[in-house]
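Accompanying notes for the structure given below.
The values are calculated or read from the model by the stated rules, or taken from the named source; none is laboratory data. It should be emphasised that the depicted structure is a prediction, and the values quoted were computed from it without experimental measurement. When we count neighbours, we look across all protein chains shown, and the Cβ atoms used for this are built from the backbone with ideal geometry, even at glycine. Areas reflect the complete protein model, heavy atoms only, side chains present, ligands, DNA and RNA absent. Shrake-Rupley method; radii C 1.70, N 1.55, O 1.52, S 1.80 Å.
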Amino acid sequence: MAFRLPAGVWHENGGAFKMIKRRSFLAAFSLPFILYPSTPFARRPRVPVGAIRWDAWYTPGSPQTAAVSRSLGERRFKDRIPTFGSQCEGDRICFPEDIQSEIKTEIDMAADAGLDFWAFVAYERGHPLRRAFEHYLSSKNSSRVKFSLICDAGRFHNKELRLDHAKLIGDPRYQNCRSGKPIYCIMINELQRDFTSLARDILEFRRLVAEKTGKNLTVLAMYSSRRNSDPAGMEAFDGSAYYSIVCSKAGNGYSALAECAEQTWERKAQFDALYAPTIMTGWDRSPREMHPVFWEAPRSYPGINFGRPTRLEFANHIKSGLVFAQNNSDTPAVFIYAWNEFDEGGWLYPTKGDKFDRLATLRSLLL
């Protein structure tokens, strides 16, 4: 269903969220909103919209889940705890063991909000951070939300992993970009230097995917932040995107973060044949700064954090991303940072301290 987008202000429905099931999520969307005159953006453009997932929260007992439990466990950060978690003793967060049920619920939540797909940060079989993805694949309702993969360049050299990904791209649930080709992202961070070997691996991967699935890929270089984009080696890719977009404007509000992202979209679209914009739901790494995680090198931008959005700011930024896609017909997809980056400050999934329902607001723009 498509309807004319109101440029309006939604009434707040403050208070902590309880676990949202499908029916209660739909009920939450019934909140009234004020209609204003329609804008030039009359309907959602025909481009897939997906949220980035990073799934350290779903493997209790693993070092990764223990690390994020500690980073988010201080009482000052309790309002960021996702509604499927709980504060437990020793300034840590406890997560349920029944992950299959949780992922099933999240699939319904994402689908009911209008998301087309999740972009999973990919890991090899057996890795703790792959557990949520495996549960997604085995969920009976998984066809409601498609998936794509984001592979770190440091992992992409693994031939076994590339073979696994080639097979996954043949899955009917795998997301195609606007042109109809499967979309695959390779994460480029500030430490990436060897683009020659990476280009060879990408060429081999394209051939492997074509052999296994008969499909041609759209491969995007996904930079880990705005600060480390580098044109070197771009000839191996079809286009680019960002995992997150962060500017050096410490202490500013969410509107400054949104403005930074939107300016980046316009700049990149002028130079890249294909560019996928990333909508920012927030950025505040204070928990990681207080309690660094073991897999992360010291960051070059500590203290660059932004305030949380109001409902109107959030809606306007999402709307801007959709307008960008409408005005740029080559846009392969729209990414949202993120579904569940709670300790970095970017999330769609409800947390205990949310002041408005982010998924309901997203739904009002996508459906």
Report summary line: Exactly one of Asp201, Asp194 is more than 20 Å from the chain's Cα centre (by Cα) and surrounded by 14 or more Cβ atoms within 10 Å (Cβ to Cβ), and that one is Asp201
Report task. Read through the list (1) under 27 Å from Gly239 (Cβ atoms); (2) assigned to a loop (DSSP other than H, G, I, E, B); (3) modelled with pLDDT of 95 or more, then give the number of the only condition that Phe306 fails. Result -> (3)
Query raised in the report: Within segment 125-144, which residues are within 16 Å of Thr105 (Cα to Cα) and assigned to a loop (DSSP other than H, G, I, E, B)?
Result: Ser139, Lys140, Asn141
Report task. Please tell me if Gly353 is closer than 30 Å to Gln87 by Cβ, buried (at least 22 other Cβ atoms within 10 Å of the Cβ) and either in contact with a Lys or Arg (Cβ under 7 Å, 6 or more places away or on another chain) or modelled with pLDDT under 95 (or both). Result -> no
Query raised in the report: So which of Ala153, Ala110, Ala119 is within 28 Å of Ala325 (Cβ to Cβ) and free of Cβ contacts under 8 Å to residues at least 60 places away in the same chain?
Result: Ala153
Query raised in the report: Got a sec? Which of Ser71, Ser143 is open to solvent by 40 Å² or more (accessible area, probe 1.4 Å) and hydroxyl-bearing (Ser, Thr, Tyr)?
Result: Ser143
Query raised in the report: Can you tell me which residues in segment 268-287 are surrounded by fewer than 21 Cβ atoms within 10 Å (Cβ to Cβ) and hydroxyl-bearing (Ser, Thr, Tyr)?
Result: Ser286
